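A.B. asks: Handing you a structure now.
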Amino acid sequence: MGALILSERLFGFKTKLNKIVDSGKETIDTTAGIRVLSFDAIMEKHLDKVDQIVLPGAGFDLISLKYTKDSGHQVFELDQSATIQIKTATLNKAGIAHDWIHYIPVDYKRESWSENLLNSGFDPHKKTLFIWESVSLFLEKQEVEESLLKMAELCCEGSVVAQDFYSEHFISGKYSFAVRSQKNMIENMGEKWKFGIDMKENAEGVIEAFLNKHKLKIKEFHQFGEKLHIDPYYCIVEAERLNT
Ligand SMILES: C[S@@+](CC[C@H](N)C(=O)[O-])C[C@H]1O[C@@H](n2cnc3c(N)ncnc32)[C@H](O)[C@@H]1O
């Protein structure tokens, strides 16, 4: 986002990727930027109400750096060891402090991320905000289900799981020519889109039923493009533990 704003200021390069539109009027073109701002808003909303922040599959996201310096939260970022090494080496090179963040390497094929989290000082009795942004689409359905169940089990009263889901139609690449091109480009870089939810009818109902099966329930639901009555493609959900 920052690079796009800078390139617009310096070179007049215009893109819809950093265009902000009214809530519910998002389109595929404007999703990337609004997605990031939406998770920033979720972080701002919950920060003072939780003690811990956990980002499973944090990648190169800098949201925890932006919001938790000197905040007193316990912060845990999990990802593959190579990703964490590049991220922390780059932060060191740039002289950006990050010493309060616990970076937890996980070999997803061989280890349980929740066990590594518990072994790194995470306290399941403390209120937690999980941020699971742009991860589920890269996982197999079974991995998504296992991760949701683990997050639910690690949630005490007052904890929140913020996450996003893409539609099956979007993930298949059949949504539009632009989506297909994006899918092919990302696949060529070695990352495959795998998991989407059938959102054709009643996206919120379908997602609620899916989350309920994994011990979670919806607190807040936002369907991008809902006011435009376009084919549903992307939703952001804040969930909490379902008391059974
Ligand atoms: C598209 S990135 C999203 C990064 C970050 N959450 C963001 O929004 O910028 C997906 C991340 O998921 C991680 N990942 C890959 N396999 C995973 C798995 N089985 N479980 C959880 N995360 C995984 C990848 O290493 C990658 O950093």
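A.B. asks: Please go through the stretch 132-142 and give me each residue that is in contact (Cβ under 8 Å) with a residue 12 or more places away in the chain and open to solvent by 50 Å² or more (accessible area, probe 1.4 Å), ordered by number.
C.D. replies: Result: Phe138, Glu140, Lys141.
A.B. asks: So in the stretch 201-216, with the set limited to residues that are on the phi < 0 side of the Ramachandran plot, loosely packed, with under 14 Cβ neighbours inside 10 Å and not in a helix (DSSP H, G or I), which one is nearest to the chain's Cα centre (by Cα)?
C.D. replies: Lys213
A.B. asks: Shifting gears a bit: I'd like to verify a number: residues in the stretch 97-131 that are within 12 Å of the ligand (Cβ to nearest atom), open to solvent by 60 Å² or more (accessible area, probe 1.4 Å) and modelled with pLDDT of 95 or more, how many?
C.D. replies: Counting residues in the stretch 97-131 that are within 12 Å of the ligand (Cβ to nearest atom), open to solvent by 60 Å² or more (accessible area, probe 1.4 Å) and modelled with pLDDT of 95 or more gives 1.
A.B. asks: What is the number of the single condition among (1) touching a Phe, Trp or Tyr at 6+ places or on another chain (Cβ under 7 Å); (2) part of a helix (DSSP H, G or I); (3) open to solvent by less than 10 Å² (accessible area, probe 1.4 Å) that Leu148 does not meet?
C.D. replies: Of everything listed in (1) touching a Phe, Trp or Tyr at 6+ places or on another chain (Cβ under 7 Å); (2) part of a helix (DSSP H, G or I); (3) open to solvent by less than 10 Å² (accessible area, probe 1.4 Å), Leu148 misses just condition (1).
A.B. asks: Residues in the stretch 86-96: is at least one surrounded by 13 or more Cβ atoms within 10 Å (Cβ to Cβ) and under 19 Å from the mean Cα position of the chain (by Cα)?
C.D. replies: Yes, that holds for at least one residue.
A.B. asks: Take the residues in the stretch 35-64 that are within 15 Å of the chain's Cα centre (by Cα) and part of a strand (DSSP E or B), then tell me which one is surrounded by the most Cβ atoms within 10 Å (Cβ to Cβ).
C.D. replies: Step by step, filter the stretch 35-64, then rank; the result is Val54.
A.B. asks: Using the structure shown, decide if Gly173 is away from the ligand (no atom under 13 Å from the Cβ), without any contact (Cβ under 8 Å) to a residue 60 or more places away in the chain and buried (at least 19 other Cβ atoms within 10 Å of the Cβ).
C.D. replies: For Gly173, the condition - away from the ligand (no atom under 13 Å from the Cβ), without any contact (Cβ under 8 Å) to a residue 60 or more places away in the chain and buried (at least 19 other Cβ atoms within 10 Å of the Cβ) - is not met.
A.B. asks: Name, by its number, the condition in (1) open to solvent by 50 Å² or more (accessible area, probe 1.4 Å); (2) part of a helix (DSSP H, G or I) that does not hold for Glu240.
C.D. replies: That leaves (2) as the condition not met.
The values are calculated or read from the model by the stated rules, or taken from the named source; none is laboratory data. These numbers were taken from a predicted model, which means no experiment stands behind them. Cβ coordinates were reconstructed from backbone atoms using ideal geometry, including for glycine residues, and neighbour counts include every protein chain displayed. What goes into the accessible areas is simple: the full protein's heavy atoms, side chains included, and nothing from ligands, DNA or RNA. Shrake-Rupley method; radii C 1.70, N 1.55, O 1.52, S 1.80 Å.
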